[in-house]
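Engineer: What follows is a structure written as structure tokens; I'll ask about it next.
What follows draws every value from the coordinates through simple rules; no lab data is involved. None of these values were measured; they are calculated from a predicted model. FYI the Cβ positions are ideal-geometry reconstructions off the backbone, even for glycines, and counts take in every protein chain you see.
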Amino acid sequence: MKITVLGLWHLGSVTAACCARHFQVVGLDANQGIINGLSRGKAPLFEPGLDGLLAEGLQKGSLSFTTDPALACREAEVLWVCGDTPVNEEDISDVEAVLGPVRAALAHLAAGTLVLISSQLPVGTCAALEKEFPAFEFASCPENLRLGGAIKVFTEADRFVLGIRSEKPRTLLEELFAPFTEKLIFMRTESAEMVKHALNSFLAVSITFINEIARVCEWVGADAKEVSAGLKSDIRIGAKAYLGPGGPFAGGTLARDVVTLTGLAEARGGSLEVIPAIKRSNDGHRLWALQRLQSYFGTLSGRRVALIGLTYKAGTDTLRRSAAVELGQALLLAGCRLQSYDPVVKELPAGLAGLGLCDSMEQALAGVEVVVVSTEWPEFLEADWEALLKTMRTPVVVDANRFLEWKLGGIAEVKLLSVGRL
């Protein structure tokens, strides 16, 4: 099978590399810099194992990259749309940023070619494209990757949701996904598109729900982690429920679908109550660490604070929409002096220079009054915290998710500030 993957940021580069183990793949993107890097086996962002998988496909000859739609599409049996959907500061999607390249690629596809859409686009996108381009077959496969563990999620998938309008593309899709899972859930295209909106909104509401419970726990002396364990013990909820009290969700992925659903309802003259409240609650929770420090110290002006972990999450080098960066900027506005460290961030953009990037944890913690654990890198668990705390002026640790609780709980002099407890 010959596949063209359109859009080569995280989703696209992972999809292309994983598929090249089993099929002939051409990656297509308008960004020449991204293409140059991928052609050397270098992914456009950090994802564990991805560079090695790219190199494997390039060496085998099953993987190539180009900016030329005509070259990429001339023999394609499937055009897999994986372009990243940009969002603005209000989490509103720029749909045309994805659909523009799709239209350019369709001009070079043979009639009847299957166009599989995994980009995060509003429900109804497939129907609109079917009307605009009736010569092609369109299907939906909602993206379900996770930064830092994307290759395992793709190659050992528990299932793929597939939206089709007719039975015509089913056999081709079964062949495409056979190397990755036996469980394919077929449904109508609008239902598959809606799955992504609903899934991300459900995860988002779970996070905001438990963090609101945690807020009440802080007021009344309960422990939100213990409450969470009690909830998960109920078989109607379950042990894997997304109910861990901690920081807000960030990065735009979940918020994008919350905003999309809200907009879809408003565009049709309807109104939602629960879905819009998710974002309002989460936006308020973004200030938890700042408010907790203000409550503890009284004033933050002149305080020396260390931020450890700056990326959106562990396993990636993405800083965009990072809650850690957002907190750092808020602390600077409050008058703090910052020192920061992240194991994969070697330099900061000019606008973030005030975060005071250091070369090591030891350098970042030296002389500070408080350290904020922002991104949960495994190396933080391996650090000698007894020694590190002795280099601080006061041993105060803000650990919203209790990532280091088992490491620091036995150190008598440390003050731990976490979500959901006094």
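Engineer: Taking each full run of DSSP H in the chain as one helix, which ones are at least 30 Å long along their axis (Cα atoms) and have mean Kyte-Doolittle hydropathy of at least -0.5?
Structural biologist: Counting only whole DSSP H runs, the qualifying helices are 189-220.
Engineer: Could you point to the residue in A229, F202, L58 farthest towards the positive end of the chain's charge dipole, with +1 and -1 charges on the Cβ of Lys/Arg and Asp/Glu respectively?
Structural biologist: Of the candidates, A229 comes out farthest on the positive side.
Engineer: Now, a different point. Using the Cα centre of the chain as origin and beta-carbon charges of +1 (Lys, Arg) and -1 (Asp, Glu), tell me which of S301, I185, L352 is placed farthest towards the positive end of the dipole.
Structural biologist: S301
Engineer: What distance in nm separates the simple spin-label points at K232 and N36, each placed 7 Å from Cα in the Cβ direction?
Structural biologist: Label-label distance for K232 and N36, simple model: 4.6 nm.
Engineer: What's the center-to-center distance, using Cα atoms, between the range 328-398 and the range 1-49 in Å?
Structural biologist: 34
Engineer: Evaluate the relative contact order of the chain (contact order divided by residue number), counting alpha-carbon pairs under 8 angstrom at least 6 apart; express in whole percent.
Structural biologist: Dividing the mean separation by the residue count of the chain yields 12 percent.
Engineer: Within a 10 angstrom radius of the beta carbon, how do M187, M194 rank from fewest other beta carbons to most?
Structural biologist: With the fewest neighbours first, M187, M194 line up as M187, M194.
Engineer: So, one more: Report, in debye and to the nearest 20, how large the dipole of the chain comes out about its Cα centre when Lys and Arg carry +1 and Asp and Glu carry -1 on their Cβ.
Structural biologist: The calculated dipole for the chain is roughly 380 debye.
Engineer: Hey, in the GNM for the chain with a 10 angstrom Cα cutoff, which one of A110, A128, A139 fluctuates hardest?
Structural biologist: Taking springs between Cα atoms under 10 Å, the residue moving most is A128.
Engineer: Enumerate the lysines that K313 could reach by cross-link, defined here as Cα to Cα under 27 Å, with residues fewer than 8 away along the same chain left out.
Structural biologist: Of all the lysines, those that pass the test against K313 - Cα under 27 Å, at least 8 places apart if same chain - are K42, K152, K196, K225, K232, K240, K279, K346, K407, K415.
Engineer: Run the helix sum for the chain: -39,500 (n - 2.57) per DSSP H stretch of 4+ residues, divided by residue count, reported at 222 nm to the nearest 500 deg cm²/dmol.
Structural biologist: Mean residue ellipticity at 222 nm (helix-derived): -12000 deg cm²/dmol.
Engineer: Dipole size in debye (nearest 20) for the range 269-345 around its Cα centre, Lys and Arg Cβ +1, Asp and Glu Cβ -1?
Structural biologist: 160
Engineer: Please order W80, W385 by the number of other Cβ within 10 Å, starting at the fewest.
Structural biologist: So the residues, fewest neighbours to most, are W385, W80.
Engineer: Rounded to whole Å, give me the distance from the Cα center of the range 53-132 to that of the range 177-230.
Structural biologist: 28
Engineer: Sticking with this structure for a sec: Rounded to the nearest 0.05, what FRET efficiency is calculated for W406 and K183 with R0 set to 25 Å and r the Cβ-Cβ distance?
Structural biologist: Once the sixth-power term is evaluated, E becomes 0.10.
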